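Structure record follows, encoded as structure tokens.
None of the figures in this text is laboratory data; all of them are computed from the coordinates on show. Note that this is a predicted model, so its numbers are computed, not measured. Virtual Cβ from ideal backbone geometry, glycine too; neighbours counted across all protein chains shown.
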Amino acid sequence: MRCFRAWKSIVLQCGRWKRYNTAPLCATTNGFPTSYETNTTIESIARELRAARRVLVTTHQKPDGDALGSVLAVVRACAAIGVSAEGWVVDPCEGNLRSFEGSTPVKHVNPRAVELPVGDFDLAVVVDTGAWTQLEVIAPWLRSRADRVIGLDHHARGDSVAARRIVDASCGSCTTLLARLVDALGVDMRSGADERGRCSIAEALYMGIATDTGWFRFPNARAAEFALAARLLEAGVDKDAMYQQIEQSSRAARVELQACALSSLEMLNSGRIALMRLRADDFGETGAMPEETAGIVNIPMEIAAVRASVLVVEDAQAGIIKLSFRSKPADDAGSFIDVNELAGRFGGGGHIHAAGAKQKGTLDEVLQRVRAEI
């Protein structure tokens, strides 16, 4: 309730937001290789999957809707062609998303447990990331069989995680890219559906597109995403039920956590950039879980003058600070903030309008760095 009262005070007294005038954003490098690009074809990957006996599909830690949707889509597509496949993801993962797994084999791993995949896999497929920093738990296992790793990603920057990879940063979601793989495999989008029409490949693909485009509100929702979405709806996806399950089934603790973040709101760069923070104590006081931070960084984007938003979260258990960055597309003046570049200054990356990073140090130290950079 402490956070809720503070949030209410901010809503009623907007003029009391802190403001900082800082220097404009400037270019820098984030250390990622510039050669992160496609080096094979969708058809070639489809042939490898068809020839495999057992496939492991994994993604970045703390999977979002696109990451989990991508894992589910590949596992279900493999099942449709008679290939044994299973997902392997590192938690936390929102329960609202996990409800779409159905009977699809997906193993959830505690990030603090030293646990690697067991068994002989012909191929490992890494989806929705190509960064070692997002694959820390499974990295030793992947490195030990580098020649058997395939990557499918839509991020502009990454590492040489996969020997063979498709990278298409024009895709609004990784599942947009994976729809091409499903077609190359000749698989029906309805495959995997239960008696209620749930848990199909189409549903997994739609979950990725819808969540990564902010339910088709973000600038990465192109004509291609809308066209694919229409096709998936025709394949039986219940978009209303999905929206309600993912976006309208939150616990009260999550809303209280949002209030905590809003109570810390600072307006930087002459009001162009919003900065919020969540301390470890905020999670303890509200009872919220780490995965319930999803979407909080987007809230300040409702303010007309704000061009970008940054959320800094203290993860006391992991001993790191997590940063989330979001920005709006170009305004009438034709300017926008490239948060992929901004995240790169903190060793992270992502997309032009959505990115993330991790830092060591105290929360206050990282906040000071963020203020200095922007």
Computed over the chain, the relative contact order (Cα-Cα under 8 Å, seq sep at least six) in percent reads 18 percent
By the C-alpha gyration tensor axes a ≥ b ≥ c (rounded if a/c is under 1.5, else prolate when a/b exceeds b/c, else oblate), the shape of the range 66-144 is oblate
Once the dipole of the chain is set up from charges on Cβ (+1 Lys and Arg, -1 Asp and Glu), the residue from the list Met276, Ala156, Phe216 lying farthest towards its positive end is Met276
Sorted by chain and then number, the residues having a modelled amide H within less than 5 Å of the amide H of Ile320, at least 5 places away or on another chain, are Asp315
Checked the chain with the C-alpha gyration tensor, a ≥ b ≥ c its square-rooted eigenvalues, rounded below a/c of 1.5, otherwise prolate if a/b is larger than b/c and oblate if not; verdict prolate
Checked against a 29 Å limit on the C-alpha separation, the offending pairs among Lys107/Lys358; Lys239/Lys322; Lys62/Lys239 are Lys239/Lys322
Ala357 neighbourhood, Cβ < 12 Å, K/R = +1, D/E = -1, net charge +4
Phi-derived 3J(HN,Hα) across the range 152-157 with the Karplus relation (6.51, -1.76, 1.60, θ = phi - 60°), rounded Hz, x for Gly and Pro, is 9, 9, 10, 9, 6, 10
Packing-ranked peptide list from 150-156, 281-287, highest mean Cβ count within 10 angstrom first, is 150-156, 281-287
By the Cα gyration tensor axes a ≥ b ≥ c (a/c under 1.5 gives rounded; else a/b larger than b/c gives prolate, otherwise oblate), the shape of the range 42-247 is rounded
Dividing the mean separation of Cα pairs under 8 Å (6+ apart) by the residue count of the range 292-344 yields a relative contact order in percent of 27 percent
Ranked output for segments 197-209, 48-60 by mean other Cβ atoms within 10 Å, highest leading, reads 197-209, 48-60
Descending packing, highest mean Cβ count within 10 Å first, for 158-169, 297-308 is 158-169, 297-308
Here the percent of antiparallel bridges among DSSP beta bridges lying wholly in the chain, to the nearest 5, is 40 percent
HN-Hα couplings for the range 35-51 via Karplus (6.51, -1.76, 1.60; θ = phi - 60°), in whole Hz with x for Gly/Pro, come out as 9, 7, 8, 5, 9, 8, 10, 4, 5, 5, 5, 4, 5, 5, 5, 5, 7
If amide H atoms are modeled at 1.01 Å from N in the peptide plane, then the residues at a separation of 5 or more from Arg157, or on another chain, having amide H under 5 Å from its own are Gly350
